[in-house]
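These notes are about the structure you will find just below.
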């Protein structure tokens, strides 16, 4: 936990970190989950299928695609809340990305002015305010979403991952991101813990080594 006297990241920096985190979750569905699954199941036809279908996917189609792949892999991951968490963070992301502008409102709030199409008679909507805790929770949720995807791929397709030359496993994430311990990799018992050492948002394709 950050102490009250420790320097805190600028609220605008946190907002941009969230936008980047959400974008990486989107990309992970397309570029890692779908591409890896199709390459293993479809062989030479995989790239063609990916270009015709997945590369043109809409954001609201990503979760159904991932859940269908997870179901096909018969994963034991608890994905009951996956769609709800994704939708919640999509709503926040869309509100920010489609805003007319945003600005810091003190150290702990960011004010987001929504883009509207209105006549001169319509009242201008009040800005939406997002606080530091919500942005931190949103970044954490994006990390949890991606940890779930990494777990589904590695466990469902018997893929391997390593930190350098040390093999690692990916612990099963908690059902609820609020209960997630953020343990992203598990090392052999004779190695030190790697909790928080590598962000799953920047994890490589399963089967490759983590540098």
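The values are calculated or read from the model by the stated rules, or taken from the named source; none is laboratory data. Predicted model, so just to flag it, every value in this text is computed and none were measured. Glycine also receives a Cβ, built like all others from the backbone with ideal geometry; neighbour counts cover every protein chain displayed.
Annotations
- Annotation note: of 14, 73, 42, the sole residue that is modelled with pLDDT of 90 or more and touching a helix residue (DSSP H, G or I) at 6+ places or on another chain (Cβ under 8 Å) is 73.
- Test: residue in segment 149-156 that is surrounded by fewer than 16 Cβ atoms within 10 Å (Cβ to Cβ) and within 19 Å of residue 40 (Cβ to Cβ): no
- Each residue in segment 48-59 was checked for being part of a helix (DSSP H, G or I) and touching a helix residue (DSSP H, G or I) at 6+ places or on another chain (Cβ under 8 Å), and 5 of them qualify.
- Residue count for segment 7-30, restricted to those that are free of Cβ contacts under 8 Å to residues at least 40 places away in the same chain and within 15 Å of residue 153 (Cβ to Cβ): 2
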